[in-house]
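One structure is given here, and the rest of the page talks about it.
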Amino acid sequence: MASTQDVNMDGSLTGYAPFGSSTTTLSVHNEEETAITVAVGGNEPSGRYILVAGRAVEKDGVRLPIPVGVLKPGITYRVGGWISLGAARGTSHPVRIHLDVDDNGNETLVECGALCAQEGAWTEIMGAFRLRTEPRSAAVYIHGAPAGVDVKVMDVRVFPVDHKARFRQLKDKTDKARKRDVILKLGAGAAASVRVVQLDNAFPFGTCINTSVIHNPVFLDFFTNHFDWAVFENELKWYHTEAQQGQLNYADADALLAFCDRQGKHVRGHCVFWSVDGDVQQWVKNLNRDQLRSAMQSRLEGLVSRYAGRFKHYDVNNEMLHGRFFRDRLGDEDIPAYMFKEVARLDPEPALFVNDYNVERGNDPNATPEKYAKQVAWLQGRGAVVGGIGLQGHVQNPVGEVIGAAIDRLAKTGVPIWFTELDVPEYNVSLRAKDLEVVLREAYAHPAVEGIVFWGFLQGTMWRENAWLVDADGTVNEAGQMFLNLQREWKTDARGNVDGDGDFKFRGFYGRYVVEVTTATGKQMLKTFTVEKGDNNTALLVDLADA
């Protein structure tokens, strides 16, 4: 399928046009040194770029038409290229990429990427979009950065995403990340057939729960059979446990925790604090500095001490890339690190997480992987032990390469990564299934990712519409079936005969197994064993000779 027209190598600006103020101008230049790390696109930069100058307002930019008939509905498209800034007031500024669409006479802007552009450096565009109908006309529109700041645009392209090709690339990566060689030893001279069945995969999946859904038989059946972990949707949040100052309500959290105990599920603690102003209850906002610090300490000691040893994880101060409520109100930049250290003091067992959204989407200048990694390093530098990085995973039009690049960057921190609130909304359930497969395969293939928690799965009970996996009547829809298919794919079933040395060899996913051995005389033997993560160069030895 055709891509948009690049800058002509003869130096013309055919196809490109300035957008906005009459003072905005375009010119073509050569970058003498184009040292760019290509994270997603795979194409080497040409070194030729358009300089967008004379920008009078932030919305001024450049517009690049896409030939009529190129964009088709239901297909995920990537926008590729690189952005840099001229002399800027500050080292970096947001630049946004939109698709200007004429859909039957209605002109709309479709978000298809955003980044934090820098002066003197090139940042890759990692956005994506999908259309529901074929447009009469469309154009890529690049704008942003403050008025007066020149924007440099290199090698803009629009192209369809090949998910299947990406899945093929992930196959070997998945094998290395989630499997190891196993040798079952029956002893020399043994003659037997062997059947190995994996009972469960060591990689955890979970979902959010609340006080209503746990009484729904449809929810309960699917949750019990397909998830290992849970997280409370709202019942542990401060605005729920103390909606009015001094009136504590832990009854709902206690009930959910007791439910998880009965079901044998591990639980994440979400969340001790929430740093976004709009998610802080009004009575907390009304406190002065000293009162707020006292209330915050009471929250820490009341919640964390009450549930010491009960939660495997805590999201300590939710969404710090998007909010600064406690830092600003207390006038203390170090308060997030203090929160981490106090939770660890009151309950040393759980892994303490940062947790945020949009990091894996390439659409939010406030939530880039670089900024998230910097936040983790900042906390660690102030004595906080960060035990996990939470990618919420509220994803639309996911692109595996974009998600993988974000995980790669965060993996360099050495901190384990979880998808903590996964939902993939799409009104077309077939596309929803494909989108979900993109995210699940990308996460599962990466060795730094240690678990995935969905933000619900049942129709009519979820925060986000058009994201459910199970219909209200219990029917597992196409997206839910995709999830179940992957769970089956990620279990090992091996059979065959022992070799001349009395060994049976296979390569299996980490998890718990049962082996059935049938001797030449018909005698049968069953034994369970566990394949744990280890050195893939060293086979796990399981001695069955004395079983």
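For every residue, the table says whether it meets (1) open to solvent by 10 Å² or more (accessible area, probe 1.4 Å); (2) farther than 27 Å from Arg299 by Cα; (3) in a helix (DSSP H, G or I).
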position	(1), (2), (3)
Leu379	no, no, yes
Ala384	no, no, no
Asp408	yes, yes, yes
Gly414	yes, yes, no
Val438	no, yes, yes
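When you scan segment 39-61, do you find a residue that is touching a residue at least 60 places away in the same chain (Cβ under 8 Å), open to solvent by 20 Å² or more (accessible area, probe 1.4 Å) and among the polar types (S, T, N, Q), even just one? Among the residues of segment 39-61, at least one is touching a residue at least 60 places away in the same chain (Cβ under 8 Å), open to solvent by 20 Å² or more (accessible area, probe 1.4 Å) and among the polar types (S, T, N, Q), which makes the answer yes. Check segment 249-258 and report whether any residue there is over 23 Å from Glu450 (Cβ atoms), outside any helix (DSSP H, G or I) and either in the same structural domain as Gly323 (by the TED database) or modelled with pLDDT under 95 (or both). Checked against the condition, which is being over 23 Å from Glu450 (Cβ atoms), outside any helix (DSSP H, G or I) and either in the same structural domain as Gly323 (by the TED database) or modelled with pLDDT under 95 (or both), segment 249-258 yields at least one hit. Restricting segment 528-547 to residues that are in a strand (DSSP E or B) and modelled with pLDDT under 95 leaves a set whose member that is surrounded by the most Cβ atoms within 10 Å (Cβ to Cβ) is Val542. Mind checking whether some residue in segment 411-423 is over 21 Å from Val231 (Cα atoms), out of contact with any helix residue (DSSP H, G or I) (no Cβ under 8 Å at 6 or more places or on another chain) and of a type outside the set (Phe, Trp, Tyr)? The answer is yes; a qualifying residue exists. Restricting attention to segment 200-225 and to residues that are β-branched (Val, Ile, Thr) and open to solvent by less than 30 Å² (accessible area, probe 1.4 Å), the residue that is nearest to Lys179 (Cα to Cα) turns out to be Thr207. Can you tell me how many residues within segment 283-339 are open to solvent by 60 Å² or more (accessible area, probe 1.4 Å), within 30 Å of Asp261 (Cα to Cα) and either under 29 Å from the mean Cα position of the chain (by Cα) or β-branched (Val, Ile, Thr) (or both)? Matching residues across segment 283-339 total 2. Looking across Ala253, Ala243, one residue alone is surrounded by 22 or more Cβ atoms within 10 Å (Cβ to Cβ) and without any contact (Cβ under 8 Å) to a residue 60 or more places away in the chain. It is Ala253. Here's a check for you: in segment 162-211, which residue that is outside any helix (DSSP H, G or I) and among the β-branched types (Val, Ile, Thr) is farthest from the chain's Cα centre (by Cα)? Only one residue tops the list, namely Val194.
Inspect segment 223-242 for any residue being part of a loop (DSSP other than H, G, I, E, B), among the polar types (S, T, N, Q) and more than 28 Å from the chain's Cα centre (by Cα) and give the result as yes or no. No, that holds for no residue. For segment 162-185, filtered to residues that are surrounded by fewer than 20 Cβ atoms within 10 Å (Cβ to Cβ), touching a Phe, Trp or Tyr at 6+ places or on another chain (Cβ under 9 Å) and of a type in the set (A, V, I, L, M, F, W, C), the residue that is nearest to Val439 (Cα to Cα) is Leu170.
The values are calculated or read from the model by the stated rules, or taken from the named source; none is laboratory data. This is a predicted model, so every value here is computed, not measured. Neighbour counts are summed over all protein chains in view; Cβ atoms, including those assigned to glycine, are modelled from backbone coordinates with ideal geometry. Surface accessibility is based on the protein's heavy atoms, side chains included, excluding ligands, DNA and RNA. Shrake-Rupley method; radii C 1.70, N 1.55, O 1.52, S 1.80 Å.
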